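Engineer: Got a structure for you, written out below as C-alpha cells; questions coming shortly.
Every read-out reported here was derived from the displayed coordinates using simple, explicitly stated rules and does not represent laboratory data. On a predicted model such as this, the values are computed, not experimentally measured, just so you know. Positions of Cβ are generated from backbone atoms using ideal geometry, with glycine treated the same way; all protein chains shown enter the neighbour counts.
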Amino acid sequence: MKTVIKKAKVKNHEDFEKKLEDIEFEFSPIIWQHDRVYLPKGFKHGMNYPRIIMRTEMKAVDKPAKYKMILKRHIEDSGVDVVDETEVKDYAEGVNIVHQLGFKKINEVSRRRQEIDMGDGTMLYLDNVEGVAGYYAKIETRLDEKDTVTDVVEDLTKTLKVLGAEEIVEKAYFEQLNG
C-alpha cells in the first residue's frame, strides 16, 4: 500500500480534540503501542532502504495484545511510504526472522495513541510518545493512482494547520528519540 504521511507537533491537545469534536469527529479510546524498530546493515538516509517495525498493540487491558510486523520503505524523492504489514502469531519467532535477515534493532518507541477514521483511506492519529515532549498529530492517507503526491501533501499539511498543529515534523519518532 502506498501512503503519504504528515506529522506535526500540537500546540494544545485539548484544543485540538475540541476542534475535531466541533466538526463531529471523535477519537477512539487510547491504544498503547510499543514498536521495536530495525534497520538493515548499511542503512543510510536517502537510500530508500526499508525498515522493519515489530509492533505490540493493546486496545484494552482485558484483551490480549496483538503483534504486527510492518515493513516500511520511505521513498525520499517522492514523499511516498510503501507499507506492508502482517499479523504475527509468535512474536519471538518474528523477531528471530528479522535478525536472520540482517536487520539490527536501533530503537524502541512506546506511545499512547488515539485515532479517527476520517474516511476515504485517511486516518488521523494523536500520539503521546514516551521520551518525546508534547503531543503529535499524524495524518495518513492511502495514495490512489489518480492522486498527485504534491497535492496530497499540501492537503494534509493544510488540514493539520487548520486543526491547530504547530510545526511539521519530518523525523520519525525513533529518530527523535536518538537525538
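Engineer: Put +1 on the Cβ of each Lys and Arg and -1 on the Cβ of each Asp and Glu in the chain; which of 78, 56, 165 then has its Cα farthest toward the positive end of the dipole?
Structural biologist: It is 56.
Engineer: List the pairs from 7/104; 18/158; 72/171; 9/104 whose alpha-carbon separation is above 24 Å, in the order I gave them.
Structural biologist: On the way: 7/104 26 Å; 18/158 18 Å; 72/171 14 Å; 9/104 29 Å.
Violating the 24 Å limit, Cα to Cα: 7/104; 9/104.
Engineer: If the cut-off is a Cα-Cα distance under 16 Å, which lysines reach residue 63, setting aside same-chain residues fewer than 8 apart in sequence?
Structural biologist: In chain and number order, the partners are 89.
Engineer: Could you give the length gained on full extension between residue 166 and residue 105, defined as 0.36 nm per residue of separation minus the Cα-Cα distance, in nm? Don't skip to the end; give the middle numbers.
Structural biologist: Values: separation 61, 0.36 × 61 = 21.96 nm, distance 3.09 nm.
Using 0.36 nm per residue and subtracting the Cα-Cα distance, I get 18.9 nm.
Engineer: What trypsin sites (Lys or Arg not before Pro) in segment 117-179 are in a loop by DSSP, with at most 14 other Cβ atoms within 10 Å of the Cβ?
Structural biologist: Values: sites: 138, 142, 146, 158, 161, 171; in loops: 146, 171.
When the trypsin sites (Lys or Arg not before Pro) of segment 117-179 are filtered for loop state and at most 14 Cβ neighbours within 10 Å, 146, 171 remain.
Engineer: Also: Rounded if a/c is under 1.5, else prolate if a/b is larger than b/c, else oblate: which is segment 91-147, with a ≥ b ≥ c the root eigenvalues of its Cα gyration tensor? List each step's numbers first, then the result.
Structural biologist: Working: a/c = 2.72, a/b = 1.38, b/c = 1.97.
Note, shape of segment 91-147 comes out oblate.
Engineer: Where nothing but the Cβ of Lys and Arg (+1) and of Asp and Glu (-1) is charged, how large is the charge dipole of segment 2-178 around its Cα centre, in debye to the nearest 20?
Structural biologist: Details: 30 positive and 35 negative charges, 182 e Å.
It works out to roughly 880 debye.
Engineer: Taking Rh as the Kirkwood radius computed over C-alpha pairs, what is the Stokes-Einstein D of the chain at 37 °C in a medium of viscosity 0.692 mPa s, expressed in µm² per second?
Structural biologist: Working: Rh = 17.2 Å.
Stokes-Einstein gives a translational diffusion coefficient of 190 µm²/s.
Engineer: Got the relative contact order for segment 2-178 handy, in percent, Cα pairs under 8 Å and 6 or more residues apart?
Structural biologist: Numbers: 347 pairs, mean separation 57.9, N = 177.
It comes to 33 percent, rounded to a whole number.
Engineer: If you take every residue apart from residue 84 with its C-beta less than 11 Å away from the C-beta of residue 84, what net charge results, scoring Lys and Arg +1 and Asp and Glu -1?
Structural biologist: Values: positive: 2, 68, 72, 73; negative: 81, 85.
Its environment carries a net charge of +2.
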